[in-house]
Each structure stands twice: as C-alpha cells, then as structure tokens.
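Structure first, then comments.
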Amino acid sequence: MAMTAGTADDPGATSAGGVAALGAEAERGRGAYGEGAMVVCDRLVRIYAAEGIEVQALQGLDLLVGKGELTALVGASGSGKSTLMNILAGLDTPTAGAVRVAGQDLAAMSARERISYRRGTVGFIWQQTSRNLLPYLTALQNVILPMRFAGSRRGRAARAMELLDLLGVGHCAHRKQEAMSGGEQQRTAIATALANRPELLLADEPTGELDSVTAREVFGALQAANAELGVTVLLVTHDPRSPRRSGAPSRWQLPREMIEPLGMRERVRLEAERDHIGVWPDAPRSAASEDASPPAAASPPATARLPVSPPEDS
Ligand SMILES: Nc1ncnc2c1ncn2[C@@H]1O[C@H](COP(=O)(O)OP(=O)(O)O)[C@@H](O)[C@H]1O
Ligand SMILES: [Mg+2]
C-alpha cells in the first residue's frame, strides 16, 4: 500500500531494493499536516483537574480550517466547545497536542507574542452578550476601542461605521447596549471583534441567548463578514440552525485484511496524487520526521486525516 503513494512521476524507480528508498522519499516530500491551513489542531488534549477529579474536555481533537472558510462545529453541551475556543483565543493552553493558528504555534509563543496574537490575529465573540461590549460606551465607541494602532482618529471612526453598516447595525451607532436588542448587541460584538482586521474570527455560541429569527440574523452577519472581508470564521454552537460546512465528509470502509497488517487504527493519512489517493498509516510524530521537513513546495500536496472506525460487522 505504501508503494502506491510513492512518486507517481517516476515509476521506473520501483526496482527491488528501491522500494524502501521510495518510501523514504515519499515521506520526506509529504507536506506537514495542515500546512497552509488557518487553524490546525493535532491531537489536542485538555484535561482539567479540579478537586482531585480529572475531566478530559478535549480527547485528541483533530481539526483543520482552511483560510477563508466559514466553519460551524456543532456539539452538545459539555463536549469541549468553549475549551477549544479558549485555546484558540490564546487564553488557555492544551495539556497535550499541537495547535497552530495563521502559521503561529500557540504553545511556542512568548508572553509578548501572545498579547499581539490576541490583539491582532484573532477576534472573538462570546455567548454572553454582556461579555462582548462595554455597557457605558455606544456601539460606535465599542468598535473604535480596540483600534489603538489603526490609523488616524477620523479613519478609525469611519472604519467602525463601515463595520456597523456591513453587519446591519449602523442605526445603533450612537446607542448603548441597554438600547439594543440581543441580536443587535451580538452584531455589534462582531463588528468590535473585526476592528483590528483579525485573520480568524472565533464565536462561542453567539446565538445561545437568542430566538431563531434573531439567531438567523447573527449567522447572516457572520456570513457577511466572511464573504465581504474574507476573514476565516470558526463558530461553535449546539444550535442545529447554524450554517453547515458544505460537503459532509463521506464514509469509506476499507477491508480489514488491508488495514490491519499496516496497523491502521483510529486515524489514517490521505494524500491526493495525480491519479489516485494514497492511504498511509498515521505514524506518530517523531523528532526525526520533524527534522526532515521538506523545502517549501510551490503547492503543498493535499493531505487530510480520516478517523478509522471499526468495521460495522464486528
Ligand atoms: N475550568 C474548568 N475546570 C474543570 N472542568 C472544566 C472547566 N471548564 C470546563 N470544564 C469541563 O470540561 C468539559 C467541557 O466543557 P466546555 O468546554 O465548557 O464544553 P461546552 O462549551 O461544549 O459546553 C465539561 O465537562 C466541563 O464541566
Ligand atoms: Mg460552552
């Protein structure tokens, strides 16, 4: 199987004894997991230890979000959604696993880098409408507040007004939170989160406290931000009304006699070749394979990982 994922351009290289070399060659040429993606979570684990009891809030989460995508993760209460958002927002660190956002390794950031990350790379919207806005400021003042480094004073106000208009709350510019509906507050919160042109917008149950009509307006506002500004959006929700990522992944079942000898358990790695798809055992990370990182290719090969479920007849 490993041979099928070798260099398809050079079939002559498959002479006896050349197979191992071919495998090693393919290993070196393979792009890193999630290369070029906006969000890469690789076996993310977060364990909380409180009063002697351990809660495993994230149990080896893999997640890839491409640049410019709008993704909604739908999960039940207690499934670790807020835990994930706090990690991606740079407010919490994982117990194990790796996480990269916009090419930055969140575990390796210095305190200073973390501050600049939180200020400029990500924007967030929390479930509690009251956590997003300062109640004694108007909508416009709230949006301007994070723009300390964004051009002239007049430029800031103009951009803040543009954001409020884009999100359909221009009419709220001079109102304080108390004079706005829940949906208007959340849309103003989105404008505030976009103030510093973040690359990634994170929203933790942004419609959790809203009725369905208002929830649709808030989802619409997130879609507008994604479409008009190109910002990548990741929202977590238990709300089945949320927009879905189109094209649900399909389920494939591989014959047991093919996957077992290769130790393919839990997860495999897929690689798109010119005329076929290679399926690889998902080897554990090793120092050796990280050292052997390939030179930057013009376009990295499309790779993905797929969970392996036990055959249904077992
Ligand atoms: N600070 C914490 N200390 C201990 N357990 C926590 C803490 N935060 C969350 N948990 C637990 O982790 C699990 C996931 O929580 P959370 O990420 O808030 O889920 P969700 O947002 O999907 O409802 C839950 O069992 C929750 O009780
Ligand atoms: Mg939550």
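In terms of surrounding Cβ atoms within a 10 Å radius of their Cβ, TYR136, TYR48, TYR33 rank from fewest to most as TYR136, TYR48, TYR33.
Could you please report the charge total around ALA221, scoring K, R as +1 and D, E as -1 over all other residues with beta-carbon less than 13 angstrom from its beta-carbon? Can you show the working numbers first?
Details: positive: ARG187, ARG216; negative: ASP165, GLU184, GLU217, GLU228.
Every neighbour counted, the sum reads -2.
In this rough spin-label picture, where each label sits 7 Å from Cα along the Cβ direction, the ALA179-ALA76 distance is 4.5 nm.
For region 129-247, what class follows from the C-alpha gyration tensor (a ≥ b ≥ c being the square roots of its eigenvalues): rounded when a/c is under 1.5, otherwise prolate if a/b is larger than b/c, else oblate? Since a/c reaches 1.5 but b/c is at least a/b, the shape of region 129-247 is classed as oblate. Averaged over residues, the count of other Cβ atoms within 10 Å places the peptides 49-57, 231-239, 150-158, 120-128 in the sequence 231-239, 120-128, 150-158, 49-57, highest first.
Less than 9 Å Cβ to Cβ from ALA96, Lys/Arg counted +1 and Asp/Glu -1: what total charge do the surrounding residues give?
Working: positive: ARG43, ARG46; negative: none.
Result for the neighbourhood of ALA96: +2.
The ranking of ARG43, ARG256 from fewest to most other beta carbons within 10 Å of each one's beta carbon is ARG256, ARG43. Working value for region 56-130: equivalent-ellipsoid semi-axes of 19, 16, 14 Å, each the square root of 5 times a Cα gyration tensor eigenvalue, largest first.
Counting Lys and Arg as +1 and Asp and Glu as -1, what is the net charge of the other residues whose Cβ lies under 10 Å from the Cβ of SER82? Don't skip to the answer; put the middle values down first.
Details: positive: LYS81; negative: ASP92, ASP204, GLU205.
Overall, the nearby charge balance is -2.
Computed from the coordinates by the stated procedures, all read-outs in this text should not be read as laboratory data. Since this is a predicted model, take the numbers as computed values, not measurements. Positions of Cβ are generated from backbone atoms using ideal geometry, with glycine treated the same way; all protein chains shown enter the neighbour counts.
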